[in-house]
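Report on the structure given below.
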Amino acid sequence: MERRDKINYYLDIAETVAERSTCIRRHYGAIIVREDEIISTGYNGAPRGRKNCMDLGVCKREELRIPSGERYELCRSVHAEANAIISAARRDCIGATLYLAGRSAKTGERLTDTTPCSMCRRMIINAGISKVYARVGDDGQWTVTDTNEWIENDDSI
């Protein structure tokens with residue numbers, strides 16, 4: 001048996017974390033790794049103590065037919081990346097790598113457009129995370145982003 005490469009190993013773990021997601025649209029999992037040690041994990045779901053979309057059986061954004069990637073302020077969920085950052089100390093995030101994986105909640109298929117939203121990008125930058133690997137489709141396929149690219153190519157201007 002061939003040994004799994006490190007990037008896909010961590011993306012596999014992020015995918016497992018996504019199984020805890022409570023969103024009825026998409027399941028995301030994120031892990032933050034620094035110096036080959038997992039610092040924290042996060043999945044998308046309602047804030048602690050609040051009812052989540054799975055339990056309610058309804059998604060406000062879906063009800064309003066809002067396309068993916070828009071009007072996140074109407075979403076009940078905290079994103080996977082945000083939850084991973086919230087669970088980590090900033091000193092442990094500086095220079096770390098975030099791994100992100102997602103699946104469709106309806107079909108279970110891996111997502112081909114996995115990338116942090118603009119709000120999560122800002123949190124990733126402020127946390128001091130240096131790279132983001134995102135699984136984009138079939139096993140073994142991923143993208144990598146140096147977060148300095150998000151600083152230099154500011155999409156909020």
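The values are calculated or read from the model by the stated rules, or taken from the named source; none is laboratory data. Note that the coordinates shown come from a computational prediction; the quantities given were computed from them, not determined experimentally. We place every Cβ from the backbone using ideal geometry, glycine too, and count neighbours over all the protein chains shown. Keep in mind that these areas ignore ligands, DNA and RNA; they rest on the heavy atoms of the full protein, side chains included. Shrake-Rupley method; radii C 1.70, N 1.55, O 1.52, S 1.80 Å.
Out of curiosity, is ARG25 over 15 Å from the mean Cα position of the chain (by Cα) and either open to solvent by 20 Å² or more (accessible area, probe 1.4 Å) or not hydroxyl-bearing (Ser, Thr, Tyr) (or both)?
It is false that ARG25 is over 15 Å from the mean Cα position of the chain (by Cα) and either open to solvent by 20 Å² or more (accessible area, probe 1.4 Å) or not hydroxyl-bearing (Ser, Thr, Tyr) (or both).
Which of the residues spanning segment 34-71 are open to solvent by less than 50 Å² (accessible area, probe 1.4 Å) and in contact with a Cys (Cβ under 8 Å, 6 or more places away or on another chain)?
Passing the criteria: ILE39, ASN44, GLY45, ALA46, ASN52, CYS53, CYS59, ARG61, GLY69.
Name the pairs: first residue in segment 72-85 and closer than 17 Å to SER40 by Cβ and open to solvent by 30 Å² or more (accessible area, probe 1.4 Å), second residue part of a strand (DSSP E or B) and modelled with pLDDT of 95 or more, Cβ to Cβ under 6 Å, at least 6 apart or on different chains?
ASN83/GLY42
What are the pairs with Cβ atoms under 6 angstrom where one residue, in segment 1-23, is farther than 9 Å from ALA101 by Cβ and modelled with pLDDT under 95 and the other, located anywhere, is assigned to a helix (DSSP H, G or I) and open to solvent by less than 70 Å² (accessible area, probe 1.4 Å)? Sequence gap at least six, or different chains.
Final answer for the pair search is CYS23/CYS53.
Can you list residue pairs whose Cβ atoms sit under 9 Å apart, with the first residue in segment 122-144 being within 12 Å of ASN8 (Cα to Cα) and touching a residue at least 24 places away in the same chain (Cβ under 8 Å) and the second being open to solvent by 60 Å² or more (accessible area, probe 1.4 Å) and of a type in the set (Phe, Trp, Tyr)? Count only pairs 6 or more apart in sequence or on different chains.
From residues that are within 12 Å of ASN8 (Cα to Cα) and touching a residue at least 24 places away in the same chain (Cβ under 8 Å), the pairs are TYR133/TRP142; ALA134/TRP142; ARG135/TRP142; VAL136/TRP142.
Any residue in segment 104-120 that is more than 23 Å from SER130 (Cβ to Cβ) and modelled with pLDDT of 90 or more sitting within a Cβ distance under 9 Å of a residue that is of a type in the set (S, T, N, Q) and open to solvent by 20 Å² or more (accessible area, probe 1.4 Å)? List the pairs, counting only those 6 or more apart or interchain.
Between residues of segment 104-120 that are more than 23 Å from SER130 (Cβ to Cβ) and modelled with pLDDT of 90 or more and residues that are of a type in the set (S, T, N, Q) and open to solvent by 20 Å² or more (accessible area, probe 1.4 Å), the close pairs are ARG110/SER104; ARG110/GLN141; LEU111/SER104; THR112/GLN141.
So which residues in segment 114-153 are open to solvent by less than 50 Å² (accessible area, probe 1.4 Å), among the hydrophobic types (A, V, I, L, M, F, W, C) and under 19 Å from SER68 (Cβ atoms), if there are any at all?
CYS117, CYS120, VAL132, ALA134, VAL136
All but one of (1) in contact with a helix residue (DSSP H, G or I) (Cβ under 7 Å, 6 or more places away or on another chain); (2) modelled with pLDDT under 95 hold for ASN44; which doesn't?
Tallying (1) in contact with a helix residue (DSSP H, G or I) (Cβ under 7 Å, 6 or more places away or on another chain); (2) modelled with pLDDT under 95, ASN44 fails exactly one: (2).
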